[in-house]
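The structure appears right after this line, and notes come after that.
The values are calculated or read from the model by the stated rules, or taken from the named source; none is laboratory data. Just so you know, these numbers come straight off a predicted model, no measurement behind them. Because the Cβ atoms are built from the backbone with ideal geometry, glycine has one as well, and the counts that use them run over all protein chains shown. Ligands, DNA and RNA are stripped out before the accessible areas are found, and what is left, the full protein with its side chains, is counted by its heavy atoms. Shrake-Rupley method; radii C 1.70, N 1.55, O 1.52, S 1.80 Å.
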Amino acid sequence: MSVVPFPPVAPSVGWGVLHLFFVVDRDHEEPLGARRIVDAISSLEADGHQALVFAVLGHKADLGIMALGPDLARLQAFQQELSATPLALVDSYMSLTELSEYTATDDQERDRLVAEEALSGDELEARLTEWRERMEHYQENRLHPRLPRKKLICFYPMSKRRDADANWYALPFEERRRIMAGHARIGRTYAGRVVQLITGSLGFDDWEWGVTLVADDPVTIKEIVYEMRFDEASARYAEFGPFITGLLLDPADALARVGLPDAG
Ligand code: 76R
């Protein structure tokens, strides 16, 4: 389908992330509905963006599409293309990928290697070089992620609390960093089992972050969210919005699952 050309709206850092939730309009008079949707996804991907498509479990939606990439104008055009198909948009979430301000700096990692592992000289420098390479890769992946197509996807928005006796934004940076280090320690124990993408939505949507988790084993999603509830970062400072879960599938399979088999 042709889209009106529109000047790109590209964040100077990171990508746009648009979570779209649809119900299927079963009375829609579009015999080639599924084909048009698959074509819209293919053309979005051909333009250097990604789409993760999932069949939603439960009543909140039938189908979800997490679309992400460098150009917000392209993401909006994609949303608009889908409005001509049997998919009716019922919910959405807009955010940007971002780097964390709490990631350890070079100096902090050096201090840690000296204090905790008693390293010095060439050995210390070699470990720091290794760490820098790992961080470069990690940060690139946070800004320009490619989420693996695991079996399950879970999305929820969250904010940090601003209560009189628990105000995240009134804490000094060092205290926030200490708390986030505890959070990250728990997160790392799920490496390989749960892949998370935290995207920033301050100024864009109703909560402060979008949390996207993908995993093969549904239990690991429940476990990570449960375990984090006890950690100070979440126990004391986090507020959560509605959760939504779906089966992450190839686009045509996801559409077939929600009653839109490929007609063409
Ligand atoms: O620097 C880094 O990116 C790694 C350390 C890290 C940060 C800074 C990290 C690691 N997170 C960070 C920031 Mn996280 N995260 C969540 C949730 O349900 C809940 O209780 C909370 C939702 C999960 C499940 C999760 C998982 N994290 C953040 C932020 C931004 C805070 C800010 O800027 O103030 C939020 C809102 C947030 C929420 N986190 C990890 C994980 C996992 C699995 C990890 C380990 C990742 C890894 O090392 O590969």
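Key figures
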read-out: Candidate set from segment 68-102 (those that are within 16 Å of the ligand (Cβ to nearest atom) and modelled with pLDDT under 95); member that is nearest to GLN196 (Cα to Cα); value: SER100
read-out: Count of residues meeting criterion [more than 13 Å from the ligand (Cβ to nearest atom), open to solvent by less than 80 Å² (accessible area, probe 1.4 Å) and touching a residue at least 12 places away in the same chain (Cβ under 8 Å)] in segment 127-141; value: 2
read-out: Qualifying residue in segment 163-171 (condition: under 25 Å from PRO11 (Cβ atoms) and open to solvent by 30 Å² or more (accessible area, probe 1.4 Å)); value: yes
read-out: The one condition in (1) closer than 16 Å to PHE243 by Cβ; (2) without any contact (Cβ under 8 Å) to a residue 40 or more places away in the chain that TYR190 fails to fulfil; value: (1)
read-out: Residues that are part of a strand (DSSP E or B), more than 10 Å from the ligand (Cβ to nearest atom) and either out of contact with any Pro (no Cβ under 9 Å at 6 or more places or on another chain) or aromatic (Phe, Trp, Tyr) (or both), drawn from segment 142-178; value: ILE153, PHE155, ARG162, ASN167
read-out: Residue count for segment 98-146, restricted to those that are of a type in the set (A, V, I, L, M), in contact with a Lys or Arg (Cβ under 9 Å, 6 or more places away or on another chain) and under 30 Å from PRO70 (Cβ atoms); value: 2
read-out: Single residue of ALA252, ALA181 found to be part of a helix (DSSP H, G or I) and either among the hydroxyl-bearing types (Ser, Thr, Tyr) or open to solvent by less than 40 Å² (accessible area, probe 1.4 Å) (or both); value: ALA252
read-out: Among residues of segment 200-235, those that are over 17 Å from LEU152 (Cβ atoms) and within 11 Å of the ligand (Cβ to nearest atom), counted; value: 15
read-out: Long-range neighbours under 6 Å by Cβ, at least six apart or interchain, first residue under 19 Å from PHE230 (Cβ atoms) within segment 156-183, second open to solvent by 80 Å² or more (accessible area, probe 1.4 Å); value: ALA166/ARG236
read-out: Breaking point among (1) assigned to a loop (DSSP other than H, G, I, E, B); (2) more than 10 Å from the ligand (Cβ to nearest atom), for TYR190; value: (2)
read-out: Cβ-Cβ under 8 Å pairs, at least 6 apart or on other chains, segment 101-117 side over 30 Å from TYR169 (Cβ atoms), far side part of a loop (DSSP other than H, G, I, E, B); value: LEU113/LEU119; VAL114/SER120
read-out: Pair list, Cβ under 6 Å, 6 or more apart: segment 69-98 residue under 23 Å from HIS28 (Cβ atoms), other residue of a type outside the set (S, T, N, Q) and open to solvent by 40 Å² or more (accessible area, probe 1.4 Å); value: ALA77/VAL3; GLU81/MET1; THR85/ARG36; PRO86/ASP25; PRO86/HIS28; ALA88/VAL23; ALA88/ASP25; VAL90/VAL23
